[in-house]
Amino acid sequence: MQLGDIIQVSSADRYIVKLADEGFGFIGQFVSISTSDETIIGVITDVTHSVKDDVLGYLSQDKKIKYQPYIEDYKESYAIVHGLGRLSDGGGTYSIDKPPHIDDSVKPSPRDEIARFHTVHGRPAAPYLHAMRDRLQPAVIIRMIEQLEDAVPESAGMLRLVGRYAKRSA
């Protein structure tokens, strides 16, 4: 399932994604961005929905059928994605030296990809969480931890401690 495509790259680790459907994506969701030569793992930090002002309220119900192709595109949904690092054969590399491109596909990260990203030298790890506590909202970190506990159950004890700290910060 594709969440959407990148429409703006603000920096090496911040991207705006036009969502394919307003029901897709949630804050704290891990995503995979497939670039030409690597996969970038990121997290959704914000989701916005808007309606084009020039359509809102102007068409009557009987006219909507005539203008259906135009009406289907009156809603816009976007997600802001924070890049966490690159997925490599040995696990996660927690830096991004080459950002994705416009129109690169963004998909939800499958459970096995999340586990592989959070494995360094065969051991569970999430070293970026401490560094991100000032950059990401506590609600984002809490949702990330919930997904991590599911994908990497052997690190649940450590993640619960981080989760308690994030909840106190909220």
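Rule-based calculations on the coordinates, nothing more; no lab input. Computed from a prediction, not measured in an experiment: that's the story for all the values here. Cβ: placed from backbone, ideal geometry, glycine included. Neighbour counts: every protein chain shown.
Values for this structure:
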{"read-out": "For Val120, residues with placed amide H under 5 Å, excluding near neighbours", "value": "Ala125"}
{"read-out": "Choice from Tyr78, Tyr128, Tyr94 with maximal GNM fluctuation in the chain (Cα, 10 Å cutoff)", "value": "Tyr128"}
{"read-out": "Residue-averaged [θ]222 nm for the chain, counting only DSSP H segments that reach four residues, each worth -39500 (n - 2.57)", "value": "-8000 deg cm²/dmol"}
{"read-out": "Gap separating the Cα centres of the stretch 28-43 and the stretch 94-134, nearest whole Å", "value": "7"}
{"read-out": "Lysine pairs with alpha-carbon atoms under 21 Å apart, the chain, spacing 8 or more or separate chains", "value": "13"}
{"read-out": "Length added when fully stretched, Ala12-Val120, from 0.36 nm per residue minus Cα-Cα", "value": "36.6 nm"}
{"read-out": "Neighbour-count order for His101, His121, fewest beta carbons within 10 angstrom listed first", "value": "His121, His101"}
